[in-house]
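The values are calculated or read from the model by the stated rules, or taken from the named source; none is laboratory data. Bear in mind that the values here come from a model prediction, so they are computed numbers and not experimental data. Positions of Cβ are generated from backbone atoms using ideal geometry, with glycine treated the same way; all protein chains shown enter the neighbour counts. SASA here: full protein model, heavy atoms, side chains in, ligands and nucleic acids out. Shrake-Rupley method; radii C 1.70, N 1.55, O 1.52, S 1.80 Å.
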Amino acid sequence: MMRRRTTLLTSCTALALALGATACGGGPVSAGGGDKPLSGQTVDVAGVWSGSEQKNFQKVLDAFTEKTGAKTRFTSTGDNVSTVVGSKIEGGNAPDVVMVPQVGVLQQFAKKGWLKPLSKTTQQSVDAEYASVWKNYGSVDGTLYGLYFKAAHKSTVWYSPAALDQAGVKPPTTYDAMLKAGHTVSDSGLAAFSVAGQDGWTLTDWFENIYLSQAGPEKYDALAAHKIKWTDPTVVDALTTLGKLFKDKQLIAGGQKGALNTDFPGSVEKVFGPKAEAGMVYEGDFVAGVAKDQFGRKIGQDADFFPFPAVGGGKAPVVSGGDAAVVLKDGKNQKAGMALLEYLATPEASAVWAKAGGFLSPNKKLALTSYGDDVTRETAKSLVTAGDSVRFDMSDQAPAAFGGTKGAGEWKLLQDFLRDPSDPKGTAAKLENAAAKAYQG
């Protein structure tokens, strides 16, 4: 964000007045006799969150209402955020703010002319409080459109300490050691892994961690930009590595069929629910929120994680994801929508969800003490200190038709690969065919 100082009243927005905050870099601003300047206004917000994530985000929205007087209305879009928002715009019912979970979708929205550039106040916050990688992912052609409010550390493997202790297994540091440990766990009576194959995005995350570690960051960036083809030998190698897990019925709860019938919340339940079926589940830090909120697990005691292990002599990967807040041009209340983003850019807003759990912020100014447990603090510190070396989720960088649509593109093809992992080269060819069409579109 541009650190441009202008006079206090011309650069400050309604939100700064409402907060009595230092958003403009000066002293506290009077709220004008206690009036809340956004009273009577409503901000329509759309995002993918449901369940405990929606409930915890609502706490943030309620805090915004308390500060500004603006009411909020949240609509869950499900995974197909691009399709849902597009149809709402066409129908003249566009939300004011969308929480976009994919870089590729953000870029698509910007190129269609749907987005408003973020205010100078929000730009200033991003420049001061975020690693530049988050500004880059939120920008299109040098203009900042997206504020990354919620980040994900997608290189975490969650496990039941009781299950690993029973098997006499320690958290592994290499992929091969993880599969070996998995066999030991399954020998002790539990399946090793719960895999959420019903949700294609979880399978892309498996692939990306393996690919980043095995092929390295330069190849990762090239594949993410489709500067190399999906038929590249590095892709076939990564699929072969992933296939070792997928084809091993001893390692996956319910085998391939069971995995394809398990969604993400269900995969967490199979490890941390009342009737354990597996010892480990790979997914991002947000697993902790589900384990804690839905199954009452104490993070660090009943549920813990180890970093996704290094593959084939490479470095352990650090893959991230995140949800970026954007303001739509067709929204009926853009002013209040922009004010919401200015609030979301503050450590104060992040602290609300951090306290509730199942959340990481890329905001460097958010105190680690805001998080409710040591495990989350450790994860948050790892993400923030990784700085610009973080690699954003590859499928989220792709056009939505390839990397972000249920039943299509990479999501569907990796589900097909889970069903039958016998032909990595053939799967790579299908991935390239789908990618070529999406990137040209």
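Evaluating kT/(6 pi eta Rh) at 25 °C and 0.890 mPa s, with the Kirkwood radius of the stretch 117-241 over Cα pairs in the Stokes-Einstein relation, gives 138 µm² s⁻¹.
Counting only alpha carbon atoms, the long axis of helix 409-419 and the longest principal axis of the chain meet at about 30°.
Which entries of Lys67/Lys381; Lys229/Lys425; Lys88/Lys112; Lys315/Lys412 show an alpha-carbon separation above 18 angstrom in the structure shown? It would help to have the intermediate numbers written out before the result.
On the way: Lys67/Lys381 29 Å; Lys229/Lys425 12 Å; Lys88/Lys112 14 Å; Lys315/Lys412 28 Å.
Exceeds cut-off: Lys67/Lys381; Lys315/Lys412.
Convex hull volume per residue, computed on the Cα atoms of the stretch 333-441, equals 182 Å³. Accessible surface computed residue by residue for the chain, with neighbouring protein chains in place and a 1.4 Å probe, gives 40 Å² per residue. Surface composition of the stretch 364-441: carbon and sulfur atoms hold 50% of the protein heavy-atom accessible area at a 1.4 Å probe. Relative to the longest principal axis of the Cα atoms of the chain, helix 120-129 runs at roughly 50 degrees. Share of carbon and sulfur in the accessible area of the stretch 94-229 stands at 47%, probe radius 1.4 Å.
With the alpha-carbon atoms of the chain aligned to their principal axes, the span from lowest to highest coordinate is 69, 48, 37 Å, starting with the largest.
How much of the calculated P(r) for the stretch 164-217 lies past 19 Å, in percent of all Cα pairs? Before the final figure, lay out each step's value.
On the way: 584 of 1431 pairs.
In whole percent, the long-distance tail amounts to 41.
Rolling a 1.4 Å probe over the protein heavy atoms leaves Met280 with an accessible area of roughly 0 Å².
Dividing the Cα convex hull volume of the stretch 240-329 by residue count, how many Å³ per residue is that?
Working: hull volume 15.5 nm³, N = 90.
That works out to 172 Å³ per residue.
Within the accessible area of the stretch 234-347, the carbon and sulfur atoms contribute 50%, probe 1.4 Å, all protein chains present.
As a check on your grasp of the helix formula, calculate [θ] at 222 nm for the chain: sum -39500 (n - 2.57) over DSSP H runs of n ≥ 4, divide by the residue count, round to the nearest 500.
On the way: 22 runs with 213 residues, N = 441.
One gets -14000 deg cm²/dmol as the mean residue ellipticity at 222 nm.
Within the full protein context, the accessible area of Lys219 is estimated at about 70 Å² for a probe radius of 1.4 Å. Multiplying the residue separation of Glu66 and Gln166 by 0.36 nm and removing their Cα-Cα distance gives an extension gain of 31.2 nm. As a calculated quantity, the FRET efficiency between Ala222 and Ser39 at R0 = 51 Å, using C-beta atoms, amounts to about 0.50.
Phi angles across the stretch 95-103 convert, under the Karplus curve 6.51 cos²θ - 1.76 cosθ + 1.60 with θ = phi - 60°, into 3J(HN,Hα) values of x, 7, 10, 10, 8, 8, x, 9, 4 Hz, Gly and Pro given as x.
Over 28 Å between Cα atoms, which of Lys154/Lys227; Lys244/Lys270; Lys154/Lys335; Lys135/Lys329; Lys227/Lys329; Lys55/Lys249 qualify? Intermediate results must be reported in sequence, preceding the final value.
Working: Lys154/Lys227 24 Å; Lys244/Lys270 21 Å; Lys154/Lys335 34 Å; Lys135/Lys329 20 Å; Lys227/Lys329 32 Å; Lys55/Lys249 36 Å.
From Lys154/Lys227; Lys244/Lys270; Lys154/Lys335; Lys135/Lys329; Lys227/Lys329; Lys55/Lys249, over 28 Å: Lys154/Lys335; Lys227/Lys329; Lys55/Lys249.
For the stretch 34-167, the equivalent ellipsoid derived from the Cα gyration tensor has semi-axes of 28, 21, 18 Å, listed largest first. Relative to the dominant Cα principal axis of the chain, helix 200-215 is inclined by about 80°.
In percent, how large is the relative contact order of the stretch 306-415, given Cα pairs closer than 8 Å and 6 or more residues apart? Kindly include the intermediate steps, with their values, before the conclusion.
On the way: 86 pairs, mean separation 20.7, N = 110.
Across the stretch 306-415, relative contact order equals 19 percent.
Report the Stokes-Einstein translational diffusion coefficient (µm² s⁻¹, integer) for the stretch 60-132, Rh taken as the Kirkwood radius over Cα pairs, at 4 °C with viscosity 1.567 mPa s. Once the numbers are plugged in, D ends up at 90 µm²/s.
What do you get for Rg/Rh of the stretch 396-438 when both radii come from the Cα atoms and Rh is the Kirkwood radius? Walk me through the intermediate numbers first.
Working: Rg = 9.9 Å, Rh = 10.3 Å.
Expressed as Rg/Rh, it is 0.96.
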